[in-house]
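The values are calculated or read from the model by the stated rules, or taken from the named source; none is laboratory data. Note that the structure is predicted; figures quoted are calculated from it, not measured. Every residue, glycine as well, gets a Cβ built from its backbone with ideal geometry; the counts of neighbours run over all protein chains shown.
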Amino acid sequence: MALTTSTDRLTEDEVRSLAPARARIPRALAGGTRWLWELATGAPSVADERAVTPRNPDGQTGANRSGYPWGPAFRNHLWSTTGGSEGDPADVAFQRTLGTFDVGERKQWVARFRVRPFVERPLTPFSRGYLSIRCAAGSGAGTSSAVFKLARLETPDRQTSGTATTSSTTIGTQADLAFVDLRPGLNTVLITLDSVTTREIELYSLSLCQIVTRTH
Amino acid sequence: MTRLKSTTYRGSPVRDTGVGSSIKTRWLDSVARDLAKIYDMLTGENAETDTINHSGGGRGALLNLPLINQHVDRLMWQPDATKRGVRAFIALAPVKIPDGQTTYRFQADLRFRGPGPGDVDLEIHSYDSGWTKTAWPFTATTPRDLGSLENVTTITADLTLSTGAGSTIAYVAITAMLGEDIFDGVQVLGWRLSPSVGSSQRTDWSQDTPALVGDPFLVAATIDETTGFDGEQIADNRGLDALVLTSATSWLGAMMEYVMGGVLPGNNARTVTDEWHHDQSTFASEPVPHVPIFSETLGAILEGGIPFCVSTSSANAEGSAPQVATTASASTAVDVVTKLTYLPDFDDAASPTTLKAIVLVGTDHGLIDDWSAQIDTGAGTSAAVFFSLLDDGMWVAEIDDIPYTAGALNRITLQIVTDVGTVVYGECQIVGWHLFFEE
């Protein structure tokens, strides 16, 4: 028994009183409900039959929260690092640093991480990863600043950058300094610390997140 | 009054909805019942148990979110020569396996100081009623350069992890037996564990999206503007009621926008007034899916909970899981590590029930069951004591109800709270931790 499926849209005029009783109305309502069922449940509406809805970016049936039309995307953790185990256990604060960087020093991290599949369209929610860091000012006086640059390994010249500044020796957060374009699957991203000026900077962690729920 | 609701999808035969069909009400009855069922599954209203929690099998599409995406970099294995013949966990982290998500691709980027990687075994350790160890075959690339990283070997394995009844804790580890070949050490640059899914599909949503009340219908529909239809409204002896047709069409369109996360094409006058956020602000029973945030290893440890390099000295050795010395004051929280991460807008963040953590520690000093692990997010703290994983010197704490700031960048600090007031080195090695949402 074939069940109704449809992508018809109804207007207000079509469903008001005294409107003609047309087959379009039951077809649109019954067929649209079938679509909704499959998007919500992630399963074909009829057992042993193919789903009538398109497959999501994972190649599966249903809305998988990877951005419109596959459901509103989550703010998502992508990748992170913390320092090696070189901390002093006698220090009860026991913060493990990524290192202390002198004025003029340069450092590069190669970030390799997997991104869940998403529809590759400009400005879709999962199409960018944003860098946030934990840092503090090191030895010296004044305000420490450092430029962070992000680029994909295959396109190192296409960079975005942001500047972290701090004059406090208390560890603080610098959010969303720069972003990098993402691809579904394995990503390799170069994160470069450059142009440390005025005063040493201490780094404690780096994180990349997908942060916007609909579009950028 | 009988609220119409189906137990599973009913649908309508083409013969009931096609041109020339007799005008009957059974198609509208099926639409009303199916819409009510979907509404209840999405919102958890009306005591629905088959809620959409993204666990597959008709409970919503799997989310396929990665479990581990960690950059380790300086973690080195430089074992003490006296520890030859002892198996070492050179990377070990706990993960909570989402229900229904069983197949995974594991990858690790390693750099060997000896011939390797022939003497490195990849094992997956799962825990149910006891430790069970399963060794998985892996492939290894020849060493190559990646950006500024030289001689990187990537090992890959495809894993099947049992989820059992409900989500299950598993322990993912790279282990190595100390021997001559890799005596000089191995560096874990980074590792990844993510669900195995097909390659990314360039989905072409070119088909029109289905029924909605379009222009000039200017009133924004909300998903809960109706709670369903009564049997009396769609009885055999009634005509086709314009109110029912309008409400059903509007409800369908609103739920479609709720599920899809945006305004349906061709209806720009409308706005989505409710989002599928799982924040339980509109729907108190809205189901929260299992969403892994991150899982990390913090350092190496030897089997049996034996400290990697240091047991009694005052310094941590590079590569070893960090030891937390007990502090001069009992019950003082000692910071171990702090992470930054955005967290989604789930349940009630002020009094949450779904943000949770697992902390894994090792010790060869016997009982630490008076110790606890604590998560501090800045929005509050939550703690749990450790319980033993039988005979492997491993202890785990499961922390629930962690407060957080919804939809924003959170500072997540792992802390250890001890119960003694004297300084003791090497008593507790902090091996790994995992943060996740779970109903």
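Table for the structure above
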quantity	calculated
Pair list, Cβ under 9 Å, 6 or more apart: the stretch B:273-299 residue within 11 Å of B:His54 (Cβ to Cβ) and touching a residue at least 40 places away in the same chain (Cβ under 8 Å), other residue assigned to a strand (DSSP E or B) and basic (Lys, Arg)	B:His290/B:Lys96
The stretch A:129-140 residues that are more than 8 Å from chain B (Cβ to nearest Cβ) and in contact (Cβ under 8 Å) with a residue 40 or more places away in the chain, paired with ones that are assigned to a strand (DSSP E or B) and of a type in the set (Gly, Ala, Ser) (beta carbon under 7 Å, 6 or more apart)	A:Cys135/A:Ala164; A:Cys135/A:Gly172; A:Ala136/A:Gly172; A:Ala137/A:Ser144; A:Gly138/A:Ser144
Selection within the stretch A:165-202 - part of a strand (DSSP E or B), within 12 Å of chain B (Cβ to nearest Cβ), over 14 Å from the mean Cα position of the chain (by Cα) and more than 17 Å from A:Ala151 (Cβ to Cβ)	A:Gly172, A:Thr173, A:Gln174
Of the criteria (1) within 7 Å of chain B (Cβ to nearest Cβ); (2) modelled with pLDDT under 85, which one A:Thr97 fails	(1)
Of all residues making up the stretch A:123-164, the number that are within 18 Å of the chain's Cα centre (by Cα) and among the aromatic types (Phe, Trp, Tyr)	2
Elements of type strands (runs of 3 or more DSSP E) contained in the stretch A:98-138, each with 2 or more residues being closer than 30 Å to B:Ser196 by Cα	A:107-115, A:128-137
Single condition A:Gly62 does not satisfy, out of (1) assigned to a helix (DSSP H, G or I); (2) on the phi > 0 side of the Ramachandran plot	(1)
Within the stretch A:120-147, tally of residues that are within 30 Å of B:Asn64 (Cα to Cα), hydrophobic (A, V, I, L, M, F, W, C) and surrounded by 15 or more Cβ atoms within 10 Å (Cβ to Cβ)	3
Positions within the stretch A:29-53 being buried (at least 23 other Cβ atoms within 10 Å of the Cβ), facing chain B (nearest Cβ under 7 Å) and in a loop (DSSP other than H, G, I, E, B), in sequence order	A:Gly42, A:Ser45
Residue in the stretch B:411-420 that is modelled with pLDDT under 80, touching a Cys at 6+ places or on another chain (Cβ under 9 Å) and in a loop (DSSP other than H, G, I, E, B) present	yes
Hits in the stretch A:115-142 (condition: more than 28 Å from A:Thr61 (Cβ to Cβ) and β-branched (Val, Ile, Thr))	A:Ile133
Criterion: in a helix (DSSP H, G or I), facing chain B (nearest Cβ under 7 Å) and buried (at least 24 other Cβ atoms within 10 Å of the Cβ) - qualifying residue of A:Pro57, A:Pro26	A:Pro26
Every pair of residues 6+ apart whose Cβ atoms lie under 6 Å, when the first sits in the stretch B:41-70 and is of a type in the set (Ser, Thr, Tyr) while the second is assigned to a loop (DSSP other than H, G, I, E, B)	B:Thr43/B:Phe283; B:Thr43/B:Glu286; B:Thr51/B:Gly44; B:Thr51/B:Pro287; B:Ser55/B:Asp99; B:Ser55/B:Gly100
Neighbours by Cβ (under 6 Å, 6+ apart or cross-chain): first from the stretch B:126-149, over 17 Å from A:Leu153 (Cβ atoms) and part of a strand (DSSP E or B); second at pLDDT 80 or above and among the aliphatic types (A, V, I, L, M)	B:Ser126/B:Ala170; B:Tyr127/B:Ile169; B:Ala140/B:Ile155
Every residue from the stretch B:159-174 that is polar (S, T, N, Q) and either at pLDDT below 80 or closer than 13 Å to B:Met394 by Cβ (or both)	B:Ser162, B:Thr163, B:Ser167, B:Thr168
Candidate set from the stretch A:148-164 (those that are within 11 Å of chain B (Cβ to nearest Cβ) and at pLDDT 95 or above); member that is surrounded by the fewest Cβ atoms within 10 Å (Cβ to Cβ)	A:Arg152
Tally, over the stretch B:315-331, of residues that are modelled with pLDDT of 65 or more and more than 7 Å from every other protein chain (Cβ to nearest Cβ)	2
